[in-house]
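For reference, the structure discussed in these notes is given below.
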Amino acid sequence: MFLVAIARPQWLSEQNTVWDGKIGTWPFVVYELAQRKSKNRAAGTLEHKTYTVDRDIYRACLAHSVIPEIKRLWPSGKRVHLQQDNARPHVLLDDVAVMTACTDKGWDMALTVQPAYSPDCNVLDLGFFASLQTLQHRKNSRTIDE
């Protein structure tokens, strides 16, 4: 599982450039050594293993990784809306730890929930993940790193 943060591309008039809106991708994986050999890898090879993400893990990722990265990359002091879908591990709108991280140092961020079954609001499924899937089909890979 991955957590992806993107924004709408913006024209930055003071820098005379376009900000692409890419903020970051955070994988929920651990690295373990393979215990047995197989036809695809030798024993002792470093492998990616996914793990179950619950609300506490998601909250920690938002507060310690995603929100600081948004603050570092965001081109202006405008209000920022963090939109999440209605998945079970996502935090509640009034989560204290996330709201503290959102309003720290004068930032104005609000957590919102995507309406159910609303493809208009799901930019990642319509654009980003579709383009990744197209790239995936162009080149065969044997590992997650490739």
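Just so you know, all these numbers are worked out from the coordinates, no wet-lab data involved. Model, not experiment: these values are computed from the prediction. Glycine also receives a Cβ, built like all others from the backbone with ideal geometry; neighbour counts cover every protein chain displayed.
Values computed for the structure shown
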| quantity | calculated |
| --- | --- |
| Förster radius 30 Å - calculated FRET efficiency between Leu92 and Asp20 (Cβ-Cβ, nearest 0.05) | 0.45 |
| Residue-count net charge about Arg55 - beta-carbon cut-off 12 Å; Lys, Arg +1, Asp, Glu -1 | -1 |
| Surrounding net charge for Met99, when Lys and Arg each add one and Asp and Glu each subtract one, Cβ distance under 12 Å | -3 |
| Lysine pairs with alpha-carbon atoms under 17 Å apart, the chain, spacing 8 or more or separate chains | 5 |
| Antiparallel %, DSSP beta bridges [both residues in the chain], to 5 | 70 |
| Restricting the stretch 1-85 to GluC sites (Glu not before Pro) in coil, as DSSP defines it, with at most 10 other Cβ within 10 Å | Glu14 |
| Value of relative contact order over the chain, rounded to a whole percent, pairs C-alpha under 8 Å and six or more apart | 16 |
| Expected 222 nm ellipticity per residue - DSSP helices of 4 or more, -39500 (n - 2.57), all of the chain, to 500 | -6000 deg cm²/dmol |
| Cubic angstrom per residue, convex hull over Cα atoms of the stretch 36-122 | 176 |
| Percent of Cα-Cα distances greater than 27 Å, calculated over the chain | 35 |
